[in-house]
Amino acid sequence: MQDLLSLSLKSRYFLELDKKLIILFLVFDLILISLLILVPSFYLFASIGFFILILSLLTNPNTGLYLLPIVLVNPVAIVPGTQYNIDEFLIFLLLLLFLVSIFLKDQESEVYLPKAYRWFLVLFLSGTSLSLLNVRYLEPALLHLIKLVLAFGFIFIYAYNQIKNQEMLKNILNMIILSGIIAAFYGIYQYYSGSVSITSGKRVFGLVGGNFGGFVGLAIVSLFSGIMFNRDYLKRIFFVILLIPLIWALLLSQTRAWILGTIVSIFAVLLFALYKKNQLKKLIVILLLISLIGIFFSGFMKSAFWDIYSSLFLRKVYPSTKISTLNLEKFPDFSVLARKSIWNFGLDLFLKYPVTGIGIANMRISNAFNPSLTYPRPYAGYADSHYINILAETGILGAIAWIFLIASILSYSKKIFRMAFTPDWYYISSSIVGSLILLLVGGIFWVITSGLIDSAIFALMISLLFIANKILIKELMVIKS
């Protein structure tokens, strides 16, 4: 337990809350229901739903944890036509109950934070705070900082200290699969109902925007892990059936970041599965066949080769400031040129402000082909690369924080792969590590901490990695003793 930071708090579970407090919450919600009884039925049902949710959270803290992936991936508006989404409501409610549980009771309990993650938080918060010294738009920067603290601070701590055993880990992964399936069916409905924009190339975004493909990919990775390690033949067939709408929705997203990330993560899961089954020779043959088929027949691979070519060649021939003068019709993929232009612009900003960066949430682009900074409005462009975004916004210190985090993820992934000793643990380990690989690879072409939802999902997956390591150590110690 030397890698854990112990904090002295006052209550372990919400279940131990005083009965008077529970009654207070119930009375408050009943008053809310009575006030809304004469308004449209939606508000009445929503209020009843919140009543049930609050009651469940007060009696079982795991309810909120299991609901978290579903509401993050499917952030339905609480009030139609507004931006008040259920994900924000649930996180706020969990935070409120968490704080109340801390200060209400007298008995001591312990909340742990892994030492490696503690160092990441120190470096990360130092880098983001330092970036505020050079920020252009302070208000959106502060709002984004609050979201990052909620995600990488509260969500991580909450999950890390609530999940106690292997069964709870499997339940969370099941909820991630379920959330992806719900999102996939909604995305497919969007496409075939004609509710997607023709100007966006009929790309499907679900309820979460450009991260839709990534969240669907997380479900694909966990289902694929289930197929690899589940011994029940009927369950494996069921998992394959569930993969069909998920893959369909992923392709409809038309987001190469998440398609590429999903492919790479599935290869990683396949590698781990064949390694555990001592079938490395079969793995090499499979990878060679897939590579040859991909090279010769896949338009996606051709597009990827074009990305590499343009990055190596066009950067020298056409500087980013001259992109707008090119005849774009000569190039097969506008997004390649746009991304190249933005990346060059982001790197130039980092070289100009290497210590502080330009401030968090301030790397927003007004024109992809001739980029310039603009106010962080909802539809302003991003850096289209998480790593360039970190360099441009938070400078060297922020980059060091993320390098440290990625190194910790790789180190802990190696640990849990080595310690996994049952099919259930093979499934859990490959699902978690595969999901993190998906997010990190997708981050090459996408900003994975652009808002509360994607930051919270990423923080949740990181917490699952550290939790798996903690539980595996305990189980192996029991076995050895």
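Looking at this structure, is Y426 without any contact (Cβ under 8 Å) to a residue 24 or more places away in the chain and either under 27 Å from L250 (Cβ atoms) or in the same structural domain as F272 (by TED's automatic domain parsing) (or both)?
Against the criterion (without any contact (Cβ under 8 Å) to a residue 24 or more places away in the chain and either under 27 Å from L250 (Cβ atoms) or in the same structural domain as F272 (by TED's automatic domain parsing) (or both)), Y426 does not qualify.
Let me confirm something: among G395, G451, G434, which residue is over 24 Å from A268 (Cα atoms) and in contact with a Ser or Thr (Cβ under 6 Å, 6 or more places away or on another chain)?
Result of the check over G395, G451, G434: G395.
Yes or no: F124 assigned by TED's automatic domain parsing to the domain that holds S431 and surrounded by fewer than 21 Cβ atoms within 10 Å (Cβ to Cβ)?
no
Examine the range 189-205 for a residue that is of a type outside the set (V, I, T), under 15 Å from W258 (Cα atoms) and out of contact with any Pro (no Cβ under 9 Å at 6 or more places or on another chain), and state whether such a residue exists.
Scanning the range 189-205, I find at least one residue that is of a type outside the set (V, I, T), under 15 Å from W258 (Cα atoms) and out of contact with any Pro (no Cβ under 9 Å at 6 or more places or on another chain), so the answer is yes.
Does S411 satisfy the condition of being at pLDDT 90 or above and either under 25 Å from V216 (Cβ atoms) or hydroxyl-bearing (S, T, Y) (or both)?
Against the criterion (at pLDDT 90 or above and either under 25 Å from V216 (Cβ atoms) or hydroxyl-bearing (S, T, Y) (or both)), S411 qualifies.
On the basis of being surrounded by fewer than 15 Cβ atoms within 10 Å (Cβ to Cβ) and among the polar types (S, T, N, Q), does S411 make the cut?
The answer is yes for S411.
How about the range 437-452: which of its residues are part of a helix (DSSP H, G or I) and crowded, with 24+ Cβ neighbours inside 10 Å?
L438, L439, G442
Return the total of residues in the range 359-383 being over 24 Å from the mean Cα position of the chain (by Cα) and of a type in the set (A, V, I, L, M).
Total meeting the criteria: 2.
Return the residue satisfying two criteria in turn: it lies in the range 373-404 and is in a loop (DSSP other than H, G, I, E, B) and without any contact (Cβ under 8 Å) to a residue 12 or more places away in the chain, and of such residues it is surrounded by the most Cβ atoms within 10 Å (Cβ to Cβ).
It comes out as T374.
The values are calculated or read from the model by the stated rules, or taken from the named source; none is laboratory data. Predicted model only: the values in this text are computed from it and were never measured. Cβ atoms come from the backbone with ideal geometry, glycine included; neighbour counts cover every protein chain shown.
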